[in-house]
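Undergrad: Below is one structure. I have some questions about it.
The values are calculated or read from the model by the stated rules, or taken from the named source; none is laboratory data. If you're wondering where the values come from, they're calculated on a predicted model, not measured in any experiment. So basically every Cβ, Gly included, is an ideal-geometry build from the backbone, and we count neighbours across all protein chains shown. In case anyone asks, the SASA skips ligands and DNA or RNA and just uses the protein heavy atoms, side chains included. Shrake-Rupley method; radii C 1.70, N 1.55, O 1.52, S 1.80 Å.
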Amino acid sequence: MALWDRIKESATQMQSQLEAKKNDLKSGAFRDASMAMCALVAAADGSVDPSERQRVAQLIATNDILRNFPADDLRRRFEENLDKLTADFAFGRVNVLQEVAKAKKKPVEARAVIQIGIVIGGADGDFDRDEQAVVREACFALGLPPHEFDL
């Protein structure tokens, strides 16, 4: 129970930090990187079942930070990234990590992308090893130290 509580608390803290920066998170690079991150987390174990796809899509649609962008556009980008990952996970991962790296130039956006990955990963109360691993990879793609996020 303690681990679940810690994950839930971490996700809540990350969401609060994101909300404080909402006005700084309006660029296309942030939008693209965020949707790529959501797809990476959703497909972290190499597959995406329909309920997981729907759950992450719902989280995207209701996330306050992402309301800076049209919901249909976000969903389309999320689905495109998921399609790349489900077609060929290894090749798709490289492509999707390149999308994540678009936010590298702005440290506030780069950190926010990682925080979104943690929020999405922890939303079900289980930020598992596969999800942690893809978020850690995203840290490297963005030039951020994973330990900054307890990864």
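Undergrad: Tell me, what ³J(HN,Hα) does each residue in the range 33-38 have, in order and in whole Hz, if you take phi through Karplus 6.51 cos²θ - 1.76 cosθ + 1.60 with θ = phi - 60° and put x for Gly and Pro?
TA: With the stated coefficients, the range 33-38 comes to 5, 5, 5, 5, 5, 4 Hz.
Undergrad: How big is the equivalent ellipsoid of the range 38-151 along its three axes, where each semi-axis is √(5λ) from the Cα gyration tensor, reported in whole Å from largest to smallest?
TA: Rounded to whole Å, the semi-axes are 19, 16, 15.
Undergrad: Heavy atoms only, probe 1.4 Å: what % of the accessible area of the range 55-151 goes to carbon and sulfur, would you let me know?
TA: Reported share for carbon and sulfur atoms: 51 percent.
Undergrad: Val108 versus Ala133, label points 7 Å from Cα toward the beta carbon: distance in nm?
TA: That separation, rounded to one decimal, is 3.5 nm.
Undergrad: Rolling a 1.4 Å sphere over the protein heavy atoms, what is the accessible area per residue of the range 15-126, to the nearest Å²?
TA: Computed with neighbouring chains in place, this is 45 Å² per residue.
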